[in-house]
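Derivation of every value follows stated rules applied to the coordinates shown; laboratory data play no part. This structure is a prediction, so every number in the text was calculated from the model and none was measured. Cβ coordinates were reconstructed from backbone atoms using ideal geometry, including for glycine residues, and neighbour counts include every protein chain displayed.
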């Protein structure tokens, strides 16, 4: 079924105005209004390099502000526990069909409130507490919900990891290159015999070989789950391998490279369950989301997600996804030319993991704070086999989805790399402290502001 096949009515209704601007907010709550205006300006005046952030379109934000937020809708389309959901059903059906068409999936659930709840629902659908899961080691680039001990996934399930940490005995990643070692991951899987294998992470700058993961999962009779929260938009754009042909379940957030609202979705194959052939995987997924984990869905978010999927189905979006990767690779090349050490030596996707300690002898945290003062928004991050603690790690994680949404291209990436290098050169160590020259940071901030206020690079969805 195509996206256009599920449109209930192509006629445009008479225009109505609800909450598409902030006059009412300004009148009722000037305090929150003031913070909103300040956040708008902050997002406009910064070079936003956090790879898990982006800008949504005005249409997505307006969908979030629709009266669908007023409706409670426990259940699924055609099977609700409340009256008055006929239009909500249409919205959710459109959203589900668009997701299926966009990714070529058998089944889609769009009710998860975010990526972590989507992963949690997947655990409940595929396993029982105490079962085994194999995922990427968090400090090596994985995610909390892939088995980390302070998260539900590490509390309720028996976990093992692939990655690189000599002290903890974590293997599955080449300690010299930072690249995944799929033969070692296969060896870990054979020894551990997991029920579920997670492929995906938050700080791995290379493409994921989902076909190889499928082979590993089949060898140990495990379900394969692909967490594509970071690379969903790149998959749509054809610049990252597609997990749908290989994974039993695909989970994702919706606010990163795909430029949607803060939500989540789950895709899965239409196949019987391993433990009960009379039960289907789509049914297990849906029941795990509701009623196992959630009550009513956020209907306004689902409406915004439907809009996001429609935008992502365009050639314009596919060009955007390709430019994300081109920008990330241009930024990586310039940093490398300036002498910086990048984990894996570069990037295949939207993000770059910089070993700042190895590059310039500055920990990631003070460097990230200095960059922010200079107008460059990043996040400090662990690197594989990091000798430092997670709250003050060696690395810095940067990415290009948000800057690409503003229209930045390779030329601007070169400038960003040079600004980062100048910030590092403005640092002197005083005992245990890292002191940055405030005048240099101020000069760079002025240059960043000039770029961000250049009319060639408007902020999507924000009219200033």
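Calculated over region 326-452, the projected area of the Cα convex hull averaged across directions stands at 7.2 nm². Distance distribution note for region 397-441: the fraction of Cα pairs above 14 angstrom is 60%. Here the relative contact order of the chain, from alpha carbon pairs under 8 Å that lie six or more residues apart, stands at 21 percent. Here the sum of -39500 (n - 2.57) over DSSP H runs of 4 or more residues, divided by the residues of the chain, equals -12000 deg cm²/dmol at 222 nm, to the nearest 500. Each Cα pair under 8 Å and six or more residues apart adds its sequence gap; the mean of these over the residue count of region 69-312 is a relative contact order of 26 percent. Take the convex hull of the alpha carbons in region 65-115; its mean projected area over all directions comes to 4.2 nm². Straightening the chain between residue 456 and residue 174 buys 97.3 nm, computed as 0.36 nm per residue apart minus the Cα-Cα spacing. Computed from the Cβ-Cβ distance with R0 of 56 Å, the FRET efficiency linking residue 74 to residue 338 stands at 0.55. Which one is right for this structure if Cα extents along the principal axes in Å is calculated from it: (i) 86, 67, 41; (ii) 64, 61, 38; (iii) 122, 51, 34? This structure yields the entry labelled (ii). Taking a ≥ b ≥ c as the square roots of the eigenvalues of the Cα gyration tensor, region 206-281 is classed as oblate, since a/c reaches at least 1.5 and a/b does not exceed b/c. Distance between the C-alpha centres of region 137-213 and region 350-375: 25 Å, rounded to the whole angstrom. Computed over region 69-312, the quotient of the alpha carbon radius of gyration and 2.2 N^0.38 Å is 0.99.
When both region 310-345 and region 408-441 are represented by their alpha-carbon centers, they are found 21 Å apart. Among 34, 227, 421, a tally of other beta-carbon atoms within 10 Å of each Cβ gives an order, fewest to most, of 34, 421, 227. Over region 180-310, Cα pairs under 8 Å with separation of 6+ residues give a relative contact order of 17 percent. Computed from the C-beta positions of residue 440 and residue 65, the FRET efficiency with R₀ = 45 Å rounds to 0.60. Report the residues of region 272-294 in range of a label on residue 106: point 7 Å along Cα→C-beta, backbone N strictly under 16 Å from it. Under 16 Å, as judged by backbone N against the label point of residue 106, lie 272-287 of region 272-294. Sorting 199-205, 238-244 by average packing, meaning the other beta carbons within 10 Å per residue, from highest down gives 199-205, 238-244.
Once you place label points 7 Å from the Cα toward the Cβ at residue 39 and residue 86, how far apart are they in nm? It works out to 3.6 nm between the two label points.
Rank these for me by crowding, 419, 208, going from fewest to most other beta carbons within 10 Å.
Details: 419 20, 208 24.
Exposure proxy ranking, most exposed first: 419, 208.
Compactness of region 111-179 was expressed as the Cα radius of gyration divided by 2.2 N^0.38 Å, which yields 1.17.
What shape does region 132-222 have by the C-alpha gyration tensor, where a ≥ b ≥ c are the square roots of the eigenvalues, rounded means a/c under 1.5, and otherwise prolate means a/b greater than b/c and oblate the rest? Please report the intermediate quantities before stating the final value.
On the way: a/c = 1.42, a/b = 1.04, b/c = 1.36.
It is rounded, given that a/c, with a ≥ b ≥ c, falls under 1.5.
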